[in-house]
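Encoded as structure tokens, the structure appears first; notes follow it.
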Amino acid sequence: MGYRILETDDIPGYLHERGHWEDVTDIHVREVSDGNVNRVFLASNDAGTRGLALKQALPWVRVAGPSWPLSPDRSDAEARAYARLAEVAPDEIPAIHGYDAENHALVMEDLSDLEVLRTVLNEGAAYGPHTSPGIGRLVARLSFATSDFGLPSAERKALIAASVNPELCRITEDVVLSEPYIEHEHNHWHPGLDDLAASFRADARLRTEVADLRHTFMTSAQALLHGDLHTGSVMVGERAGAPVVRVFDPEFSFVGPIGFDLGLYWANTLVSEQRARALGTLTDHGDQLRLSWEAFETEFRRLWPTRVDPFFDDAHLDRFLHRVWRESLGYAGTEIVRRIIGYAHLTDLTTLPDPVPASRRALLLGRELIVGRAQLPDVDAVRAVVGSLG
């Protein structure tokens, strides 16, 4: 039949055709698209005892429309990433019920009983003790299993070839790792940040450090990444009295530097802390970088004895993790900057009564993480920088 863009009324028949739903008279569908790029539908039955989510990649960026074309083949990368994640962290992702490559549609577990982490935090709640450690362990498992430490060389080369994701990588290279530091139509910011936006564009040291991070992003094929890991791609809640953390939307997935995933998550935790400070609702926000890094490092070291190539010794592991730490800080800084003076801003800041003070502190922190990452050896050093911003 060929690729077709699904509308709400098409979903019952589509799910029936694909073998996901028997009785099309007992199905209710609503569109819940919230992200920038794709469409998402939820299907449920009359009794409310069954639900599925369907995500379809459009041939353009959803929020921009046909004026910003984008190949729907990106959904292939997402399906591949979910398959890998299911091998190493099946309890931290939604269950995938099927992928339709022709229509670029994923059918998966309905997570509507959970809440998006960013929404929870914006409403003043805490992260809790399980969220960031869960993220750290997931990144460690995925990165180790798909790196040269966890895969034989030939399998690694095949993974790299199969995971090429040029269009979405280009978006990251442009939107995160270049545009905020030049004059570009995508950039926008609060007028109260005019001076910082101008100074960042004129800051030669900052631009050089970002160029270095950009080059690493483009050339360092360390492991399979989620590629867009932030508080908007994590859902949290409880099931049967136990805490639940689910990571979703890995469509930006490709083989790149491990520190990128950690950096994106750290950027979002550091910005959420600035929001909480501004509102006087600060709880456990300041613990999240430490919790996620310690969980990542502990899990990576736990897996280390299973490495496939004994040439990589324990001394190399220490050096490798130190490099991941530094790069994670740098990418955290670039994500903070782009979310304030680039494209796709964070509601953490934009919904504040006065977003300027918190945004200024976050921007200055972002710059320090980028240019000073080599002089920030541990979490305490980062916390000292955060504290110096007031």
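The values are calculated or read from the model by the stated rules, or taken from the named source; none is laboratory data. What you are looking at is a predicted structure, and each value in this text was computed from that prediction instead of being measured. Positions of Cβ are generated from backbone atoms using ideal geometry, with glycine treated the same way; all protein chains shown enter the neighbour counts. Surface areas here come from the heavy atoms of the whole protein model, side chains and all, with no ligands, DNA or RNA. Shrake-Rupley method; radii C 1.70, N 1.55, O 1.52, S 1.80 Å.
A few remarks follow.
- Test: residue in the stretch 205-217 that is farther than 18 Å from LEU369 by Cα and surrounded by 12 or more Cβ atoms within 10 Å (Cβ to Cβ): no
- Within this structure, ALA79 passes the test of being closer than 26 Å to VAL255 by Cβ and open to solvent by 10 Å² or more (accessible area, probe 1.4 Å).
Here's the yes/no breakdown for (1) touching an Asp or Glu at 6+ places or on another chain (Cβ under 6 Å); (2) modelled with pLDDT under 95:
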residue: GLY280; (1), (2): no, no
residue: HIS285; (1), (2): yes, no
residue: PHE300; (1), (2): no, no
residue: VAL308; (1), (2): no, no
residue: PHE311; (1), (2): no, yes
residue: ARG326; (1), (2): no, no
residue: GLY330; (1), (2): no, no
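- The stretch 326-347, residues that are surrounded by fewer than 21 Cβ atoms within 10 Å (Cβ to Cβ) and hydrophobic (A, V, I, L, M, F, W, C): ALA344
- Positions within the stretch 166-185 being of a type in the set (Asp, Glu) and either surrounded by 15 or more Cβ atoms within 10 Å (Cβ to Cβ) or assigned to a helix (DSSP H, G or I) (or both), in sequence order: GLU167, GLU173, ASP174, GLU179
- Selection within the stretch 218-243: residues that are free of Cβ contacts under 8 Å to residues at least 60 places away in the same chain and assigned to a helix (DSSP H, G or I). The member of this set that is least open to solvent (accessible area, probe 1.4 Å) is SER233.
- When PRO66 is tested against (1) farther than 30 Å from ALA140 by Cα; (2) exposed (fewer than 13 other Cβ atoms within 10 Å of the Cβ); (3) in contact (Cβ under 8 Å) with a residue 40 or more places away in the chain, just one condition goes unmet, and that condition is (3).
- Test: residue in the stretch 193-211 that is farther than 18 Å from ARG367 by Cβ, of a type outside the set (D, E, K, R) and in a helix (DSSP H, G or I): no
- Restricting attention to the stretch 19-52 and to residues that are surrounded by fewer than 16 Cβ atoms within 10 Å (Cβ to Cβ) and among the charged types (D, E, K, R), the residue that is farthest from GLU102 (Cα to Cα) turns out to be ASP46.
- Which numbered condition ALA158 fails, given (1) crowded, with 21+ Cβ neighbours inside 10 Å; (2) of a type in the set (A, V, I, L, M, F, W, C); (3) not in a loop (DSSP other than H, G, I, E, B): (1)
- Any hit, the stretch 293-311, residues being open to solvent by less than 10 Å² (accessible area, probe 1.4 Å) and of a type in the set (Ser, Thr, Tyr): no
- Test: ALA57 is touching a His at 6+ places or on another chain (Cβ under 6 Å) and either within 29 Å of THR350 (Cβ to Cβ) or open to solvent by 40 Å² or more (accessible area, probe 1.4 Å) (or both): yes
- Filtering the stretch 82-138 to residues that are β-branched (Val, Ile, Thr), surrounded by fewer than 20 Cβ atoms within 10 Å (Cβ to Cβ) and not in a helix (DSSP H, G or I) leaves ILE96, VAL116.
- Among (1) outside any helix (DSSP H, G or I); (2) closer than 17 Å to SER147 by Cα - the single one ASP354 does not satisfy: (2)
- Restricting the stretch 147-198 to residues that are out of contact with any helix residue (DSSP H, G or I) (no Cβ under 9 Å at 6 or more places or on another chain) and among the aliphatic types (A, V, I, L, M), the residue that is nearest to VAL63 (Cα to Cα) is ILE171.
- Close pairs (8 angstrom Cβ cut-off, 6 or more residues apart or separate chains): farther than 14 Å from LEU42 by Cα in the stretch 2-19, among the acidic types (Asp, Glu) anywhere: GLY2/GLU102; TYR3/GLU102; ARG4/ASP10; HIS16/GLU22; ARG18/ASP100
- Any chance THR269 is β-branched (Val, Ile, Thr), touching a residue at least 60 places away in the same chain (Cβ under 8 Å) and crowded, with 23+ Cβ neighbours inside 10 Å: yes
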